[in-house]
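Data first, discussion second: the structure below is written as structure tokens.
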Amino acid sequence: PFELTFDMIFKDDQSFDLAVKSGVFTPQLFAELYKIPVEKVLGVIEYPPARAIKATIARIRPAGSLGETDVYGAQQHAPLLT
């Protein structure tokens, strides 16, 4: 309930390798996109067996708490589309 993880899964090895080699997916990127301090980005890792890059950030509010608007974290991907 205190963290939100994004899984960016790529359709093939070539796309995954290109994304990894680009160096775009960094803690700084997620801090900028989600307007949080970089210290709140808990990790960005590459997971080749799934052709995925995973990023985890600390939630502003715990899931399900008063004022929290997305208990499942299902509506948080929009900044990644920019």
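So here's what we get for this one:
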item	result
Local electrostatic count at Ile45 - Lys and Arg +1, Asp and Glu -1, tallied over other residues with Cβ under 14 Å	-1
Karplus-derived HN-Hα couplings along the stretch 21-34 (A = 6.51, B = -1.76, C = 1.60, θ = phi - 60°), whole Hz, x at Gly and Pro	5, 5, x, 6, 7, 10, x, 4, 4, 5, 4, 5, 4, 9
Distance (nanometres) between label positions extended 7 Å along Cα→Cβ at Thr69 and Lys40	1.4 nm
Contact order normalised by residue count of the stretch 3-81, Cα under 8 Å, 6+ apart, percent	34 percent
Where labels lie 7 Å past Cα in the beta-carbon direction, separation of Thr5 and Leu81 in nm	2.4 nm
CD proxy at 222 nm, helix term only [per DSSP H run n ≥ 4: -39500 (n - 2.57); per residue of the chain; nearest 500]	-6000 deg cm²/dmol
Where chymotrypsin sites (Phe, Trp or Tyr not before Pro) in DSSP loops with at most 11 other Cβ within 10 Å are excluded, longest remaining stretch of the chain	3-71
Matching label, Rg and Dmax of the Cα atoms in Å computed from the structure shown, candidates [x] 13.4, 43; [y] 17.2, 58; [z] 19.2, 57	[x]
Neighbour count of at most 11 Cβ within 10 Å plus DSSP loop: longest trypsin sites (Lys or Arg not before Pro)-free window in the chain	36-82
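All of the numbers you see were taken from the coordinates with simple rules; none came from a lab. Small disclaimer: the values here were computed from a predicted structure and weren't measured. Every residue, glycine as well, gets a Cβ built from its backbone with ideal geometry; the counts of neighbours run over all protein chains shown.
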